[in-house]
1. If you scan the stretch 47-67, which residues turn out to be at pLDDT 95 or above and in a helix (DSSP H, G or I)?
2. Exactly one of these conditions fails for residue 20: (1) at pLDDT 65 or above; (2) in contact with a strand residue (DSSP E or B) (Cβ under 6 Å, 6 or more places away or on another chain). Give me its number.
Amino acid sequence: MTTKPNAATFLKNMQQGTAGEGGTVSKRPEAPTTVANDTPAPATAKPASVVRRSGLKHIGGYFDSETVEKVALLRARLDLDNSELIKLAIDELFTKQKAARAFGN
């Protein structure tokens, strides 16, 4: 009779490493401990993308290929990243809706 492995067994096996060539077990490579100028990285250093996004909220969606293509074209034409493009679109839509309400539409 075989039993299903539980989460504890799975985690224990993950910590042991992975089998490399010849069936030997090798640990995962450690994260780099130095930065570009060869100084040791602080133990609590976060990637620049995480620091830059600190305090911000993510808004996303699932779109068909036609909409994805439009987004890609707008990003290229306007030289904006996805976040800047979405912010621009929301600001313009908000302004349009605010104007429509002012005129009773």
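The values are calculated or read from the model by the stated rules, or taken from the named source; none is laboratory data. Model, not experiment: these values are computed from the prediction. Reconstructed Cβ throughout: ideal geometry from the backbone, glycine too, with neighbour counts over all protein chains shown.
1. 65, 66, 67
2. The number of the failed condition is (1).
Yes/no per residue for (1) out of contact with any helix residue (DSSP H, G or I) (no Cβ under 8 Å at 6 or more places or on another chain); (2) surrounded by 10 or more Cβ atoms within 10 Å (Cβ to Cβ); (3) touching a residue at least 40 places away in the same chain (Cβ under 8 Å); (4) not aromatic (Phe, Trp, Tyr):
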| residue | (1), (2), (3), (4) |
| --- | --- |
| 56 | yes, no, no, yes |
| 60 | yes, no, no, yes |
| 70 | yes, yes, no, yes |
| 76 | yes, no, no, yes |
| 82 | no, yes, no, yes |
| 87 | yes, yes, no, yes |
| 94 | yes, yes, no, no |
| 102 | yes, no, no, yes |
